[in-house]
Structures are given as C-alpha cells and as structure tokens.
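Worksheet: the structure to be examined is printed underneath.
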Amino acid sequence: MNRPLFAAATLGLTLALGACSTTTATGGGATSSEQRASIDANVNGAMTKLYAQDPESRAMVARARGVLVFPSVVSAGFVVGGSYGKGSLLVGGRPVGYYSTAAGSVGLLAGADSKAMYILFMTDESLNKFRASNGWTAGADASVSLIKTGASASVDTQTAQQPVVGYVLTNAGLMANLAIDGTKITRLDI
C-alpha cells in the first residue's frame, strides 16, 4: 500500500472510531468501580437481548462454565479497519473479570457498525485455559464455533458440543456467517 493511501486510511479509521459513541464507553475520569458498574449494566442488557433473539441461548448459557460478553464491539474503518469493545466474564452468572477485545482488518470496507459478542466456554478446561492466559486470541488459542440457529431456532448439535462456542448479535439479529478468528482479548485492570 502506498504511503498517501495508508495515511488517508489511518486518518479515516481514527476519525471514524473517534466519532463512534457507545453505551459501553466509560470516560477517562471514571473510577474503576464506575467502569465496572457501567460494563455490568451493559452486559446485563446484552444478555437480555440475546435471550430475546434466541430463547434457546438461555439453555446454552446455563450449560456453559463461563460466558464472556462484549455488549458493544464497535468496528470502523476505511480500507484499514479495527474494532474495540469492553465486557466481562460471567461465571455462575456473576462477573469475575473485565476484558477488552480488539481486532484489525484490511480490505474493502468503509463505515462503522456495532455488534454484541458472546463467547461460551463449555468445558472447565477451556475456561481455565482462557483465565490462565495473559492474552487470548480467538482462532489461535482456541477455535470458536459460532452457533447457527435455523428456522426452528434449535442449536446445531455438532456446534453445541464444541469446547468454545459463540454468538454474534448485530442490529439485524443473530449472525452465523461472521468470523471472530483473530480477535484479541485482554484482561482489564479495573
């Protein structure tokens, strides 16, 4: 990529991400407890939306050993793009840690959007590996099978048996054709 095009793409990405406003944003002056409370409220809202979109997701979440929820992952870019969001890991329905997610992309893209991402750790081993990691990348540290729901809203049996599964919820509803491989997840110190 030539330098002027790269500079323009980088500037476009910076402006697009700066212009995005989400409900999970916490101001730079917010205390750690205020940040946690804001993330918790957004996670609760995201779980309610997931259950409304796919009632069977409630049974999957109940079976999971842990659920990592990012209520609003904002993606923006012009040729070069990126995404970022904050969320929490729920174990037994309670937050046990706070995390950020980030990913980059290059290609034919322009604009911004937001999605909610849910990663379900279905085994103790997958949850423990995630919690012990210093930084976790979907697809590299574990394969994440996105749950596909059909007209009958039943979860694909083969996907449901994987150690790590996920849902992606956009404004259009549940998405089964998105990939989250390459998404980096890092623990927040809040």
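Just a few scattered comments:
- Condition check for V96: part of a strand (DSSP E or B), more than 14 Å from Y167 (Cα to Cα) and of a type in the set (A, V, I, L, M): yes
- Only listed residue being over 14 Å from L120 (Cβ atoms), modelled with pLDDT of 95 or more and either touching an Asp or Glu at 6+ places or on another chain (Cβ under 7 Å) or not in a strand (DSSP E or B) (or both), chosen from S21, S75, S38: S38
Each row is one residue, and each column tells you yes or no for (1) assigned to a loop (DSSP other than H, G, I, E, B); (2) at pLDDT below 85.
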| site | (1), (2) |
| --- | --- |
| E125 | no, no |
| K129 | no, no |
| N134 | yes, yes |
| A140 | yes, yes |
| T159 | no, yes |
| G166 | no, no |
| N177 | yes, yes |
| G182 | yes, yes |
| I190 | yes, no |
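- Qualifying residue in the stretch 72-80 (condition: surrounded by 23 or more Cβ atoms within 10 Å (Cβ to Cβ), over 25 Å from Q162 (Cβ atoms) and in contact with a Ser or Thr (Cβ under 9 Å, 6 or more places away or on another chain)): yes
- Breaking point among (1) among the hydroxyl-bearing types (S, T, Y); (2) part of a helix (DSSP H, G or I); (3) modelled with pLDDT under 95, for T48: (3)
The values are calculated or read from the model by the stated rules, or taken from the named source; none is laboratory data. As the structure is a prediction and not an experimental result, all values here were calculated from the model. Ideal geometry is used to build each Cβ from the backbone, glycine not excepted, and the neighbour counts take in all protein chains shown.
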